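So the structure is just underneath, and the comments pick up after that.
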Amino acid sequence: MRVTRQRNRSRSEEATTGGHGPTRAARREWRTPLTPRAALVARLRAAGCVFAEEEALLLEAATGPEPLEAMVSRRTAGEPLEYILGWVEFCGRRLTVRPGVFVPRRRTEFLVSHAIALTLPGDVVLDLCCGCGAIGVAIGHAVDAVELHAADLGPAAVQCTRDNTAVLDAHVYQGDLFDPLPSSLRGRVNILAANVPYVPTDAIAEMPPEARDHEPHVTLDGGADGLDVVRRVARHASEWLAAAGHVLIETSERQAPIAAAIYADAGLSPLIAHSDDLSATIVIGAA
């Protein structure tokens with residue numbers, strides 16, 4: 001059962017489609033008393049939760065100290081389910097995620113699949129803008145003996161990544177993009193995976209409330225055209241990549257040709273890949 005099933009759209013696409021209003025079923029006038037489960041499902045549906053039945057099961061099964069009613073109240077107020085549960089499922093693993101940390105979307109598994117295909121045992125992998133460390137964790141468990149590094153600007157994200165990568169002996173840094181990395185990494189990174197923010201600033205207001213009202217805007221806001229951080233990564237990637245290294249980013253399908261041109265201008269050979277199933281688009285740059 002996936003917690004992120006409702007999060008398959010790109011960040012930019014989330015900003016143009018909005019949320020979901022109350023359903024007809026939630027407004028139906030019941031003639032017989034509802035069971036506790038049915039009443040919970042009805043409340044979640046009325047709040048616009050698309051997968052109300054599955055969310056009800058997850059909330060009822062939650063083992064934390066918070067009472068069920070408090071968790072349901074948080075969810076019906078629009079808080080992301082992942083924050084309430086304290087975990088998110090990504091690439092078949094449960095990862096710790098807390099308020100103040102970007103929640104990884106299922107579509108990013110497409111980037112991970114390409115990164116894994118390019119990674120060799122013993123490679124140096126850098127998960128930039130790592131959030132809870134989802135990309136690095138997935139690569140580290142799929143490929144033997146990788147040397148994993150991760151960085152994020154947010155202290156809550158850094159702590160989540162440290163928790164999630166503890167068994168992988170990862171090196172986790174706090175700071176802006178490449179700034180906190182040790183100089184010893186220059187010219188050694190084989191795989192640079194950067195799930196950077198790429199929502200245009202003006203489009204954040206159009207995103208579903210659970211994203212725009214609860215996730216840090218710094219994890220969403222990509223500037224006027226959504227590609228400001230992509231430009232910064234491309235500008236400096238070659239300094240850190242090893243010979244024949246690769247940098248992978250996620251964008252919207254509309255932004256991908258522009259992102260590819262940015263990479264080409266930075267001396268990288270770009271390739272665009274898209275998944276219809278996951279509504280995911282990535283740009284891969286080869287050194």
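Once the mean of 1/r is taken over each pair of separate Cα atoms and inverted, region 39-165 shows a Kirkwood hydrodynamic radius of 15.7 Å. Counting only DSSP beta bridges with both residues in the chain, the antiparallel share comes to about 45 percent. Between Asp228 and Arg254, the contour length at 0.36 nm per residue exceeds the alpha carbon distance by 7.8 nm. Name the most mobile residue of Ser275, Ser252, Ser183, meaning the one with the largest mean-square fluctuation, in a Gaussian network model of the chain with Cα contacts below 10 Å. Among Ser275, Ser252, Ser183, the largest GNM mean-square fluctuation belongs to Ser183. Estimated translational diffusion coefficient (Stokes-Einstein, Kirkwood radius over Cα pairs, 20 °C, 1.002 mPa s) of region 96-240: 139 µm² per second. Taken over the chain, the convex hull of the Cα atoms encloses 119 Å³ per residue. By the rule of a second cysteine Cβ within less than 4.7 angstrom, the chain holds isolated cysteines at Cys49, Cys91, Cys129, Cys130. Once the C-beta distance of Glu239 and Glu69 is scaled by a Förster radius of 45 Å, the resulting FRET efficiency is 0.30 to the nearest 0.05. Largest GNM mean-square fluctuation across Pro209, Pro200, Pro36, computed for the chain with C-alpha springs under 10 Å, falls on Pro36. Only DSSP H runs of four or more residues enter the estimate; each adds -39500 (n - 2.57), and after division by the residues of the chain the mean residue ellipticity at 222 nm equals -10000 deg cm²/dmol. With K and R counted +1 and D and E -1, the other residues having a Cβ less than 14 Å from that of His236 yield a net charge of -1. What does the charge count around Arg188 come to, taking other residues whose C-beta lies under 12 Å from its C-beta (Lys +1, Arg +1, Asp -1, Glu -1)? Neighbourhood net charge equals -2. Residues considered: Thr119, Thr108, Thr35. Largest GNM mean-square fluctuation over the chain, using C-alpha springs under 10 Å, is found at Thr35. Separation of region 131-179 from region 222-287 is 20 Å, based on Cα centroids. Over region 191-256, the ratio between the Cα radius of gyration and 2.2 N^0.38 Å evaluates to 1.24. Phi angles of region 247-252 translate, via the Karplus equation with coefficients 6.51, -1.76, 1.60 and θ = phi - 60°, into HN-Hα couplings of 10, 10, 10, 9, 9, 7 Hz per residue; Gly and Pro are given as x.
None of the figures in this text is laboratory data; all of them are computed from the coordinates on show. Being a predicted model, the structure only gives us computed values, none of them experimental. Because the Cβ atoms are built from the backbone with ideal geometry, glycine has one as well, and the counts that use them run over all protein chains shown.
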